[in-house]
């Protein structure tokens with residue numbers, strides 16, 4: 001059937017609305033994969049920075065003790081670097097949670113729907129092949145043998161039509177749930193990301209810790225808030 | 001002379017106070033080299049982070065336009081990342097200035113004094129060798145030829161004694177100036193480093209820019225503040 005379509009023979013069953021939705025999903029997945037890679041880079045950059053700040057804090061503290069003439073200058077730098085380290089580790093927790101959630105959304109939830117789409121697309125190819133067969137037989141001469149073949153072709157046609165329609169329905173439902181969950185998960189994660197980063201880069205340790213308590217699944221008492229089915233996976 | 005000292009022959013002219021100061025300088029240089037490496041790491045980590053924030057800002061802005069259902073969430077994240085980028089570049093300017101000043105202090109100023117110390121140490125070795133020669137000749141029999149050799153040895157002794165003392169004086173003066181400059185430069189740089197980092201990580205853009213204006217040689221009107229001789233190099 002794929003060849004027939006390529007060479008202009010046979011026709012293609014098209015669900016324009018569904019195919020547009022599938023295209024959007026594939027595009028969204030690419031974009032979210034890009035965010036995921038950037039967020040992973042940020043985690044790595046940030047982790048390295050916190051390690052360097054830790055080492056700087058230790059070195060400044062050591063020099064503060066051993067340099068009477070610059071004790072204060074090394075001292076307050078040591079203190080600042082150590083505070084930044086502490087807050088940095090908290091922010092790393094937030095970014096890691098963001099990365100992990102986007103990773104689940106992209107590589108589990110979206111991937112699962114794309115697998116169903118693959119099955120649907122194969123079923124569509126098969127269905128169109130059997131449909132073309134039946135159409136060709138129906139336009140030919142009608143002797144007893146042909147009638148028999150038409151009968152069988154009709155059955156095959158029906159089986160593959162059902163399969164195609166069942167999978168089309170599966171895809172439609174999965175796309176609907178995925179869209180809902182995407183918005184829910186991204187709304188939450190983008191808010192967490194923003195609030196944690198804003199609090200950290202405003203030097204607001206309390207607000208940063210509060211943001212983590214507010215968003216982190218681990219710190220939330222079980223059942224206090226209905227989690228999305230995505231998070232349950 | 002070096003061999004004589006190793007094998008217990010000959011004596012060593014020792015200036016305990018000066019040698020202690022030289023040991024302290026070598027130790028300080030090692031420690032400041034460590035700070036320099038860490039500050040360079042911080043620059044690299046931070047530079048990478050700012051690049052990632054720039055890319056994240058662009059991606060969030062793009063997704064804000066293309067995701068009506070998550071327009072706000074992507075929008076405020078885009079704005080935050082872009083603001084962080086801008087402040088990040090300002091902070092990078094401050095850290096680069098810190099790195100460049102510590103680099104000059106360690107690899108030019110301290111290195112220059114250490115070169116003089118090397119010359120001084122060589123002059124000390126030579127002086128002790130001529131001193132030992134003279135002492136050995138003086139304890140031997142005194143015929144006309146020996147008196148002649150003692151005369152020459154006395155001259156050599158005096159020449160190398162003068163050279164040794166001149167270099168010892170050079171080292172003493174350089175160490176004094178270096179100590180003054182080290183304190184001056186480090187006081188300024190540690191204050192800049194602290195104030196810039198504090199302002200940045202408190203999200204205080206105005207204070208960050210003010211700190212740069214306050215400390216940066218480039219932005220300072222010429223002659224408004226007497227620069228240390230270190231900065232003039």
Residue in the stretch B:14-25 that is outside any helix (DSSP H, G or I) and either more than 10 Å from every other protein chain (Cβ to nearest Cβ) or modelled with pLDDT of 95 or more (or both) present: yes
Qualifying residue in the stretch A:117-134 (condition: over 30 Å from residue A:21 (Cβ atoms), modelled with pLDDT under 95 and crowded, with 18+ Cβ neighbours inside 10 Å): no
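Just one of A:89, A:69 is without any contact (Cβ under 8 Å) to a residue 40 or more places away in the chain and closer than 28 Å to residue A:39 by Cα; which is it?
Working: A:69 fails: closer than 28 Å to residue A:39 by Cα.
After ruling out the rest, the residue left standing is A:89.
Yes/no matrix, rows are residues, columns are (1) away from chain A (no Cβ under 13 Å); (2) farther than 30 Å from residue B:157 by Cβ; (3) surrounded by 14 or more Cβ atoms within 10 Å (Cβ to Cβ):
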position: B:27; (1), (2), (3): no, yes, no
position: B:52; (1), (2), (3): no, yes, yes
position: B:63; (1), (2), (3): no, yes, yes
position: B:82; (1), (2), (3): no, yes, yes
position: B:85; (1), (2), (3): no, yes, yes
position: B:111; (1), (2), (3): yes, yes, no
Boolean, residue A:197 is under 30 Å from residue B:204 (Cβ atoms) and either free of Cβ contacts under 8 Å to residues at least 60 places away in the same chain or outside any loop (DSSP other than H, G, I, E, B) (or both): yes
Checklist (1) buried (at least 17 other Cβ atoms within 10 Å of the Cβ); (2) within 9 Å of chain B (Cβ to nearest Cβ) applied to residue A:75, failing item: (2)
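Any idea which of B:146, B:172 is farther than 27 Å from residue B:15 by Cα and assigned to a helix (DSSP H, G or I)?
Result: B:146 is the single residue among B:146, B:172 that is farther than 27 Å from residue B:15 by Cα and assigned to a helix (DSSP H, G or I).
Tally the residues that are modelled with pLDDT under 90 and within 11 Å of chain B (Cβ to nearest Cβ), restricting the search to the stretch A:197-212. Even if it seems obvious, please write down each step before you answer.
Looking only at the stretch A:197-212, we keep the residues that are modelled with pLDDT under 90, and these are A:203-212.
Those still in the list that are within 11 Å of chain B (Cβ to nearest Cβ) too: A:203-205.
Of the residues in the stretch A:197-212, 3 are modelled with pLDDT under 90 and within 11 Å of chain B (Cβ to nearest Cβ).
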Top-ranked residue in the stretch A:164-184 [being buried (at least 20 other Cβ atoms within 10 Å of the Cβ) and within 13 Å of chain B (Cβ to nearest Cβ); ranked as farthest from residue B:202 (Cα to Cα)]: A:178
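The values are calculated or read from the model by the stated rules, or taken from the named source; none is laboratory data. Predicted model, so just to flag it, every value in this text is computed and none were measured. Glycine gets a Cβ as well: all are built from the backbone with ideal geometry, and neighbour counts include every protein chain shown.
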